[in-house]
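Undergrad: Got a structure for you, questions after.
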Amino acid sequence: MSRLRATRFGGQGPDETNVLASVRRSFSEGAARIGALDWARVGAELEASGCAVVGPLLDASECAALAARYDDDALFRNRIVMARHGFGRGEYKYFAYPLPEPIAMLRTALYGPLAAIANRWNEQLGEALRYPDDHAAYLARCHAAGQTKPTPLLLRYGPGDYNCLHQDLYGELAFPLQATVLLSRPGDDFSGGEFVLTEQRPRMQSRAEVVPLAQGQAVIFPVHHRPVAGTRGTYRVNMRHGVSRLRGGQRHTVGIIFHDAR
């Protein structure tokens, strides 16, 4: 059985017990890898430029295994063909609960350090809202507000595909940071398809940033806005993200969003 389905096992025979032990070990190792990141650097880069690249968070075999499960519909709750909605070209699928082990690990382990950054941002902006240290506690807030559908997603792009600039808002509650992990190998699996961020400051022209990633690396970035220090105090700037046109090949990414959807 695949490790990716370990969270959905029922009874545990000898083989399943071995797999579950491997899953727990992998979860622990992945969480330790994330915990050991230089989070002071991540926070500084987010405040300076609006994004930070970390990792690799997944190794090559983990990336390939996740990408290969795109056609396993049992893992997902919904499929979106972007052209049908004016979102761009390509498609993506939202994972269903319970999340596959690597996705659950990324979502749980990344949340805590990012919650500390999010709380610092709210303090800078003079906002009273604070995020709990534990992701389960934050999800309880989402579910109490009627946002119960999981939002982590797996995206697939082919030649000519792209993702229009957008914000991943799914209800009243929105955690202010998210992450995208590249599963494919730039130059080998695909060409083009760069991750793009835009920042719109008041009374100024928009700024764009192209973020190169290696396989397994993640880019952390704001969901909808971030604080910026100005001469008259701190103000918020609006952020959007997307993917430029794929020139060739196939590109898979995982999106880790920390709030659930209505």
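Undergrad: When both residues are 6+ apart or on different chains and their Cβ atoms are under 7 Å apart, which pairs have a first residue that lies in region 222-237 and is open to solvent by 30 Å² or more (accessible area, probe 1.4 Å), and a second that is of a type in the set (V, I, T)?
TA: Once the first residue is open to solvent by 30 Å² or more (accessible area, probe 1.4 Å) and sits in region 222-237, its partners that are of a type in the set (V, I, T) give H225/V237; T234/V228; Y235/V228.
Undergrad: Any idea which of (1) closer than 20 Å to A44 by Cβ; (2) modelled with pLDDT of 95 or more; (3) not basic (K, R) is the one T234 doesn't satisfy?
TA: (2)
Undergrad: Across region 62-90, what is the total count of residues that are touching a residue at least 12 places away in the same chain (Cβ under 8 Å), within 17 Å of H166 (Cβ to Cβ) and open to solvent by 30 Å² or more (accessible area, probe 1.4 Å)?
TA: Counting residues in region 62-90 that are touching a residue at least 12 places away in the same chain (Cβ under 8 Å), within 17 Å of H166 (Cβ to Cβ) and open to solvent by 30 Å² or more (accessible area, probe 1.4 Å) gives 4.
Undergrad: I've got another one for you. Give all pairs with beta carbons closer than 6 Å in which a residue from region 121-138 that is under 11 Å from T234 (Cα atoms) meets a residue that is part of a loop (DSSP other than H, G, I, E, B); count only pairs at least 6 apart in sequence or on separate chains.
TA: Within 6 Å, the pairs are N122/L129.
Undergrad: Those residues that are assigned to a loop (DSSP other than H, G, I, E, B) and open to solvent by less than 50 Å² (accessible area, probe 1.4 Å), I need them from region 199-213; list them, please. Spell out how you get there, then give the answer.
TA: Filtering region 199-213 down to residues assigned to a loop (DSSP other than H, G, I, E, B) leaves 201-206, 212-213.
Within region 199-213, L213 is the sole residue that qualifies.
Undergrad: I've got another one for you. Can you tell me how many residues in region 139-197 are surrounded by fewer than 20 Cβ atoms within 10 Å (Cβ to Cβ), touching a Phe, Trp or Tyr at 6+ places or on another chain (Cβ under 6 Å) and of a type outside the set (D, E, K, R)?
TA: Residues flagged as surrounded by fewer than 20 Cβ atoms within 10 Å (Cβ to Cβ), touching a Phe, Trp or Tyr at 6+ places or on another chain (Cβ under 6 Å) and of a type outside the set (D, E, K, R) within region 139-197 amount to 1.
The values are calculated or read from the model by the stated rules, or taken from the named source; none is laboratory data. Small disclaimer: the values here were computed from a predicted structure and weren't measured. A quick note on method: Cβ atoms are made from the backbone with ideal geometry, for glycine too, and the neighbour counts reach across all protein chains shown. Ligands, DNA and RNA are stripped out before the accessible areas are found, and what is left, the full protein with its side chains, is counted by its heavy atoms. Shrake-Rupley method; radii C 1.70, N 1.55, O 1.52, S 1.80 Å.
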